[in-house]
1. What is the magnitude of the charge dipole of the range 133-189 about its Cα centre, with +1 placed on the Cβ of each Lys and Arg, -1 on the Cβ of each Asp and Glu, and no other charges, expressed in debye to the nearest 20?
2. May I ask for log10 I(q)/I(0) of the range 1-58 at q = 0.16, 0.26, 0.31 Å⁻¹, from a Debye sum over the Cα atoms as equal point scatterers with solvent left out?
3. Roughly what % of Cα-Cα distances in the range 280-373 sit above 24 Å, to the whole percent?
4. Could you list which residues have their amide H under 5 Å from that of residue 169, counting only those 5 or more apart in sequence or on another chain, with H placed in the peptide plane?
5. Based on the mean of other Cβ atoms within 10 Å per residue, sort peptides 110-117, 146-153 so the most packed one is first.
6. If neighbour count is taken as other Cβ atoms inside 10 Å, put 53, 369 in order from fewest to most.
7. Please list, in chain and number order, the residues 5+ apart from residue 261 or on another chain whose amide H is under 5 Å from its amide H, with Hs placed from the backbone.
8. Given the C-alpha atoms of the range 111-185, compute the convex hull and give its volume per residue in Å³.
Amino acid sequence: MKLTGQKIAVVGTGTIGAQVLWQLAKKNVDVTGYELYSPGHSRGAAGGETRLFRHLEPEYVEYLPVTSRADEIWNELEMESGSRLRNLNGALMIGSESSPSTANALGAADRLGSGAEVFTRSDSQKRFPQYSLNDDEIAILDKAAGTIYPERTVRAAADAAAKRGARIVRECRVDDIQQESDRVSISTGDETELYDRVIVAAGAWTSILLPDMAQFLATRRLLSGWFLPAAGKGIDGMLPFMRLDPNYSYGLPTADGLAMKLGVGFPHHLPVATPDTAPMRITDADLEPVRAVAKDLFPDLDDYPMRAQAYFEAYTHSRREYMNFHPTMSNVFVCAGFSGKGFKNSPFFGELAADTILGRKPSIPEAQFILDFDHVAQLPV
Ligand SMILES: Cc1cc2nc3c(=O)[nH]c(=O)nc-3n(C[C@H](O)[C@H](O)[C@H](O)COP(=O)(O)OP(=O)(O)OC[C@H]3O[C@@H](n4cnc5c(N)ncnc54)[C@H](O)[C@@H]3O)c2cc1C
């Protein structure tokens, strides 16, 4: 006998949806997940083998308690799944001394206390010689940051949910969601099933499925490029990094230690209509910005990638997540628009969505701002 008596569907079991599914299954809810492909696929926002986990937050300090709670849930999922989902051996945040984002990062480092260490340019060159910082740049070591393994995480959360009784319908596209009085119908091909409540976590596909969400969300294509070390060089000891504005970029070593994956910021993320129709071919012009990072910051890396791949993410105008009920369907909760930074906190977003749909308060009161955030007041993207 299921605890709440409610039947709930989760549409999309990617980064966020798999976490929601696991949280609801843990609460003994009758829950079904629908997935266009299969949990852990690489065609949405969760591909490319690595994501950055960090405590240092240069933009929005309100997320610090959220990341602490997410960190606890990460550990719980690792225990329950028996899979290693993160490698927390530290990450660097690099920034120009005069930039406001570096000032924020230094403030965040202060709050982390012994969890962070600040290096001047010359100290950084001794300790992290593979990074060629600009004259005015410093580096902050976020000691408990590191690498997330995204595909393995999505798979682990979905498997843990299934083990606790969640049903997952794979390789199945939800075509339509409609609320009729207090029930919500989900249509897939010729079949329609009724639920009490639905959570939509369809990532870059959200506004195709829910056209009313198009006013809040824009879909973008993000590139990752993998760079081998130059002849005679290696990447031993290289940490994941994030370089702050005005030279925003990030990168992570591959798990086998053979290459460094690099990515660039928002201005280089190509707006596309949908992931289903977006160009997958990567041109040399597309590669220029990411090659520039390799040339500028890493003298020991080749400057032409051995591999390049495209992924898709939904952005809000504010670049803060939309976690709220659908504008017109009161039993449909939408988790979308994670705007290039949703992975590290995804276990918490999963818990928050599950609590909210069950009418419960967030596990940490400091997270209420996420639900209260007024996206309706934002301009369309
Ligand atoms: C290249 C790149 C690098 C990033 N780096 C970082 C980082 O270092 N740190 C960090 O914290 N964040 C990072 N992010 C952001 C983070 O990865 C995303 O915010 C997060 O993965 C978004 O999760 P999502 O659940 O919204 O989307 P997804 O993980 O794409 O999940 C959406 C799911 O819905 C399914 N779906 C869609 N439509 C339907 C339908 N109609 N029926 C059934 N299923 C459907 C899809 O198949 C997919 O599985 C990065 C993102 C990208 C793209």
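1. The calculated dipole for the range 133-189 is roughly 660 debye.
2. Log10 I(q)/I(0), no solvent term: -0.61, -1.00, -1.21.
3. 44 percent
4. For residue 169, whose amide H was placed from the backbone, the distant partners under 5 Å are 33, 34, 35.
5. Working: 110-117: 13.2, 146-153: 20.9.
In descending order of packing, they fall as 146-153, 110-117.
6. 369, 53
7. 227, 252, 254
8. That works out to 279 Å³ per residue.
Laboratory data are not the source of any read-out in this text; all were calculated from the coordinates shown. Computed from a predicted structure; not experimentally measured. Cβ coordinates were reconstructed from backbone atoms using ideal geometry, including for glycine residues, and neighbour counts include every protein chain displayed.
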